[in-house]
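What follows is a single structure, written as structure tokens, with notes after it.
The values are calculated or read from the model by the stated rules, or taken from the named source; none is laboratory data. Just so we're clear, the structure is a prediction, and the values are computed from it rather than from any experiment. Here the Cβ is made from the backbone with ideal geometry for all residues, glycine too, and neighbour counts use every protein chain on show.
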There are 2 protein chains.
Amino acid sequence: MYGLIGKMRASRGQRDAVMEVLRASTSTGALPGCLSYIIARDPADADAIWVTEVWTDAESHKASLQLPEVQAAIAKARPFIAGFEFQVETHPVGGFGLADAKTG
Amino acid sequence: MYGLIGKMRASRGQRDAVMEVLRASTSTGALPGCLSYIIARDPADADAIWVTEVWTDAESHKASLQLPEVQAAIAKARPFIAGFEFQVETHPVGGFGLADAKTG
């Protein structure tokens, strides 16, 4: 499995707008190879958003960025994103809450 | 919801042992209030483990630490854990891959 843990910063006051775009584009679970995609506020940092992702493999994640619905979400959110402050790749091995992946 | 993103460091060469304890204690999904608990290797840091957690609330997480099976896992893993390097609390709002919580 392939994972990403990232912190992004919304433009001042735009966090909820960014989170809603992320949520709407991922909550259906229709992205092939996506096992988990969780969007969270940082309670100690007013404009910060944490996104934790698990994919079957790096290729699935990369391919998702080309999907029309993901491209649309990126275009919609981009004006409200000030930057990315932290990102780490991980290799998830298991646990609880990993969905069954849809095949592409 | 209540979330935690943390990085722990295993003693040299003990990462797999620590991960197996974490995996065994969480993969059944029997922890009340646990919505997601994912254990991952850091591919760029040989002894590092990332754990990302989502709970219904902070109280569920706190209560889990008192469960006999969790106490046993902590006791089993502790000798192989060198330290905790990073931890952030989050407030997850949604996404994909959040399990239904069991009630306690």
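Among the numbered criteria (1) within 21 Å of A:Asp16 (Cα to Cα); (2) without any contact (Cβ under 8 Å) to a residue 60 or more places away in the chain, which one does A:Phe84 miss? A:Phe84 satisfies all of (1) within 21 Å of A:Asp16 (Cα to Cα); (2) without any contact (Cβ under 8 Å) to a residue 60 or more places away in the chain except (2).
Taking the stated definitions as given, is A:Arg23 within 12 Å of another protein chain (Cβ to nearest Cβ) and either closer than 22 Å to A:Leu98 by Cα or among the hydrophobic types (A, V, I, L, M, F, W, C) (or both)? Judged against the criteria, A:Arg23 is a match. If the condition is being of a type in the set (S, T, N, Q) and assigned to a strand (DSSP E or B), then the stretch B:35-57 contributes B:Ser36, B:Thr52. Can you name the number of the only condition in (1) at pLDDT 95 or above; (2) within 10 Å of another protein chain (Cβ to nearest Cβ) that A:Leu31 fails? In the conditions (1) at pLDDT 95 or above; (2) within 10 Å of another protein chain (Cβ to nearest Cβ), A:Leu31 misses (1) alone.
Number of residues in the stretch A:32-84 that are among the acidic types (Asp, Glu) and within 19 Å of A:Gly95 (Cβ to Cβ): the value is 2. Filtering B:Met8, B:Met1, B:Met19 for residues that are closer than 17 Å to A:Val88 by Cα, crowded, with 20+ Cβ neighbours inside 10 Å and of a type in the set (A, V, I, L, M) leaves a single hit, B:Met8.
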